[in-house]
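Following: one structure in structure tokens, then a few remarks.
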Amino acid sequence: MTERPEIFVDGDACPVRDEVFRTAARLGLVTHVVSNGARGVRLPESPDIRRVIVEAGADAADDWIAEHIRPGDVCVTADIPLASRCLKAGARAVAPGGTVWNEDNIGQALAGREVSRHLREIGVETRGHGSFGAKQRSRFLQALDAEIQTSLRGAAPKPASWPDFFA
């Protein structure tokens with residue numbers, strides 16, 4: 001990989017935007033914050049931080065990210081189907097809690113998400129995400145930095161080879 005990786009943030013409900021901005025500034029990386037604009041996300045003044053506002057719609061931000069992300073780029077998202085799409089494009093994906101999505105764990109995560117959705121449909125309460133604090137932020141920063149450093153070294157992940165149930 002000859003180009004520097006870029007960071008894509010699934011921006012509307014991302015609890016680690018500030019951490020992403022600090023990391024991107026330290027490493028001089030372009031960051032795209034993609035949202036539908038409903039929340040008025042504040043961004044630091046920087047030519048390397050780019051606001052992308054998409055049309056309202058359930059998957060509009062996800063679609064924009066999936067269409068623009070390249071091999072070696074890094075996506076920050078809690079959305080498991082979006083993470084899967086990014087992996088298929090040869091990019092990397094990190095959840096705000098510090099989970100690094102990869103070929104070894106994304107299939108199980110997609111299946112678990114589908115089971116939880118089905119349980120909710122039939123009236124079973126499923127657990128929420130829990131609290132988000134310093135421990136999760138620290139884990140996220142470590143994971144983000146590791147994924148970026150791996151991309152900077154040119155080690156692109158293998159594209160995912162599992163079926164996409166959400167395409």
Long-range amide H partners of Ile49, meaning residues 5 or more apart or on another chain whose placed amide H is closer than 5 Å, are Thr31
For region 1-85, Rg(Cα) over 2.2 N^0.38 Å is 1.02
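What ranking of Asp73, Asp10, Asp18 emerges when the number of other C-beta atoms within 10 Å of each C-beta is taken as an exposure proxy, fewest first?
Values: Asp73 28, Asp10 24, Asp18 12.
So the residues, fewest neighbours to most, are Asp18, Asp10, Asp73.
Express in nm, to one decimal, how much length is gained between Arg51 and Ala25 on full extension, taking 0.36 nm for each residue of separation and deducting their alpha carbon distance. List each step's numbers first, then the result.
Working: separation 26, 0.36 × 26 = 9.36 nm, distance 1.53 nm.
My answer for the length gained is 7.8 nm.
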Proxy exposure order for Val33, Val124 (fewest C-beta within 10 Å first) is Val124, Val33
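For a quick check: sort Phe21, Phe132, Phe8, Phe140 by the number of other beta carbons within 10 angstrom, fewest at the front. Intermediate results must be reported in sequence, preceding the final value.
On the way: Phe21 19, Phe132 13, Phe8 30, Phe140 24.
With the fewest neighbours first, Phe21, Phe132, Phe8, Phe140 line up as Phe132, Phe21, Phe140, Phe8.
Read-outs throughout are calculated quantities, based only on the coordinates presented, and are distinct from any laboratory measurement. Keep in mind the model is a prediction, meaning the values are calculated, not measured. Ideal geometry is used to build each Cβ from the backbone, glycine not excepted, and the neighbour counts take in all protein chains shown.
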